[in-house]
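Worksheet for the structure shown next.
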Amino acid sequence: MRRAVCPGSYDPVTNGHLDIIERSAGLFDEVVVAVLVNKSKKGLFSIDERIELLRTVTAHLPNVRIDSWYGLLVEYCTENGIAAITKGLRAVSDFDYELQMAQMNKRLSGVDTLFMSTNPEYSFLSSSLIKEVATHGGDVTGLVPEHVRKELLRRIRENG
Ligand code: PNS
């Protein structure tokens, strides 16, 4: 079975992420969307909430499952028989750091990274920008799945 992982923070998942997840699901037998835990970053959504949002928005993709991991991504890959990491590249500014990580991951474990060019419709998107715009009342319709938009607005209201 050809299995890939789409790693990220997903705080929260955006339409840009979803595009990469869907395209990965078309290329591999199974895709694991792994929420990587970064203990030094407090997110807007908890890891469990991010997983729930991801489960909801990928429910139409039968070969996608959601998981979380604390530690090195390559350890997750080795433990789960995953040979490839799929990532979206939005712009040249992503490239330096992504290349560095891809080469480190290859060196550590032999796992390859496949880069996909982000759909130009979403090339300016990031979870941080979505949170910032939504926090200040900007409209993020069409930039995140509708379910995510509602949960995002609810969380922002709760946080006051
Ligand atoms: O959505 P993000 O925050 O841009 O995703 C970055 C992420 C989580 C994919 C990256 O930081 C990562 O792989 N972290 C796991 C820890 C790890 O393996 N670090 C070494 C990378 S060479």
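The values are calculated or read from the model by the stated rules, or taken from the named source; none is laboratory data. All of these numbers come straight from a predicted model, not from anything done at the bench. Here the Cβ is made from the backbone with ideal geometry for all residues, glycine too, and neighbour counts use every protein chain on show. Just the protein is used for accessible areas: all its heavy atoms, side chains included, with ligands, DNA and RNA removed. Shrake-Rupley method; radii C 1.70, N 1.55, O 1.52, S 1.80 Å.
Condition check ((1) under 25 Å from residue 120 (Cα atoms); (2) touching an Asp or Glu at 6+ places or on another chain (Cβ under 8 Å)) across all residues:
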| position | (1), (2) |
| --- | --- |
| 10 | yes, no |
| 24 | yes, no |
| 29 | no, no |
| 34 | yes, yes |
| 39 | no, no |
| 47 | no, no |
| 57 | yes, no |
| 62 | no, no |
| 66 | no, no |
Checklist entry - How many residues does region 71-90 hold that are within 9 Å of the ligand (Cβ to nearest atom) and not in a strand (DSSP E or B)? => result 6
Checklist entry - Which members of region 1-38 meet the condition of being within 11 Å of the ligand (Cβ to nearest atom), assigned to a loop (DSSP other than H, G, I, E, B), surrounded by fewer than 20 Cβ atoms within 10 Å (Cβ to Cβ) and over 8 Å from the mean Cα position of the chain (by Cα)? => result 37, 38
Next on the checklist: Taking the condition of being aromatic (Phe, Trp, Tyr) and open to solvent by less than 90 Å² (accessible area, probe 1.4 Å), how many residues in region 47-99 meet it?
Outcome noted: 3
Checklist entry - When residues of region 122-148 are filtered for being without any contact (Cβ under 8 Å) to a residue 12 or more places away in the chain, more than 17 Å from residue 93 (Cβ to Cβ) and open to solvent by 50 Å² or more (accessible area, probe 1.4 Å), how many remain? => result 7
Checklist entry - Looking at 93, 117, 127, which is the one that is of a type in the set (Ser, Thr, Tyr) and modelled with pLDDT under 95? => result 93
Next on the checklist: Any residue that is farther than 25 Å from residue 156 by Cα, in contact (Cβ under 8 Å) with a residue 24 or more places away in the chain and more than 12 Å from the chain's Cα centre (by Cα) - is there at least one of those in region 44-59?
Outcome noted: no
